[in-house]
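Written out below as structure tokens is the structure these notes cover.
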Amino acid sequence: MVRGSTMMPREKLAKYGTATLTDLELLLLVIGSGNKQVSARVTATQILKLLKEKGSEVTYRDLVGVKGMGVAKTSEMIALFELGRRYLIPADEPVIASTDDAVEQLKDLRSRRQECFAVLTLDGANRLISNEIIFQGTLDRSIVHPREIFARAIEDRAASIIVAHNHPSGNPRPSEEDIAVTKRIQEAGELLGIKVLEHIIVTKSDQWSI
């Protein structure tokens with residue numbers, strides 16, 4: 001007989017640990033009991049199928065559409081998935097916890113001879129998702145449009161962003177245009193629910209955080 005094969009998932013977990021549980025049994029532990037319309041096993045089987053098809057791209061809308069998954073249970077499961085992504089899965093990308101951490105990711109900007117505008121997208125744990133230069137040329141409101149900035153953030157499902165650009169002149173102090181652009185980006189972020197943590201200006205040897 002396979003060890004623990006006749007045990008309920010909760011008993012197997014307590015006695016042998018998570019490694020002995022199947023994917024289906026792990027889902028059954030999260031789902032708990034079923035309801036009059038559908039059993040927990042049927043619900044778990046449908047969710048497992050979704051996970052195999054979409055992996056980490058499974059959304060709230062996907063889960064709430066599974067028979068047997070109400071709003072409360074769907075919210076719990078999505079929250080567990082997100083906590084797992086933030087804290088339990090080893091991440092290759094660094095956590096950006098300070099201006100210095102962000103500047104460390106902007107080394108390429110320091111040596112640019114032309115002004116460039118970059119966006120760092122971050123997840124809910126301030127872990128770097130992407131680092132991309134999206135504009136080149138003199139910074140002004142007509143060129144730096146929030147649409148392009150937040151398109152990447154939305155694609156990355158970012159919780160927040162840090163924007164940055166370089167001053168090839170060597171003077172890190174923000175101009176009036178820099179401040180105006182920052183305000184415009186912050187206002188757009190508030191509307192979209194994506195935090196704009198800061199706007200950093202870098203030179204070859206210095207930086208300034210707006």
Q: List the helices (runs of 4 or more DSSP H) that sit entirely inside the stretch 1-93 and contain at least 2 residues that are open to solvent by 40 Å² or more (accessible area, probe 1.4 Å) and touching a Pro at 6+ places or on another chain (Cβ under 9 Å).
A: 23-31
**Q.** Flag if R184 is within 27 Å of the chain's Cα centre (by Cα) and at pLDDT 90 or above
**A.** yes
Q) So which residues in the stretch 95-117 are open to solvent by 50 Å² or more (accessible area, probe 1.4 Å) and in contact (Cβ under 8 Å) with a residue 12 or more places away in the chain, if there are any at all? A) V95, A97, Q105, D108, R110, S111, R112, R113, Q114
(Q) Which count do you get for residues in the stretch 185-197 that are open to solvent by 80 Å² or more (accessible area, probe 1.4 Å) and part of a helix (DSSP H, G or I)? (A) 4
**Q.** In the stretch 148-158, residue modelled with the highest pLDDT [restricted to those that are in contact with a Ser or Thr (Cβ under 9 Å, 6 or more places away or on another chain) and either surrounded by 15 or more Cβ atoms within 10 Å (Cβ to Cβ) or assigned to a strand (DSSP E or B) (or both)]
**A.** A153
Q: Tell me which of these P168 doesn't satisfy, since it passes every other one: (1) in a helix (DSSP H, G or I); (2) surrounded by 15 or more Cβ atoms within 10 Å (Cβ to Cβ); (3) modelled with pLDDT of 90 or more.
A: (1)
(Q) So, L109, is that one in contact with a His (Cβ under 9 Å, 6 or more places away or on another chain) and either modelled with pLDDT of 95 or more or not charged (D, E, K, R) (or both) or not? (A) yes
Q | Of residues in the stretch 118-147 being small (G, A, S) and either closer than 17 Å to E198 by Cα or open to solvent by 30 Å² or more (accessible area, probe 1.4 Å) (or both), the one modelled with the lowest pLDDT | A | S142
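The values are calculated or read from the model by the stated rules, or taken from the named source; none is laboratory data. Fair warning: this is a prediction, and the values are worked out from it, not measured in the lab. All Cβ positions, glycine included, derive from the backbone under ideal geometry; neighbour counts span all protein chains shown. Just so you know, the surface numbers come from the protein's heavy atoms only, side chains and all, with ligands and any DNA or RNA stripped out. Shrake-Rupley method; radii C 1.70, N 1.55, O 1.52, S 1.80 Å.
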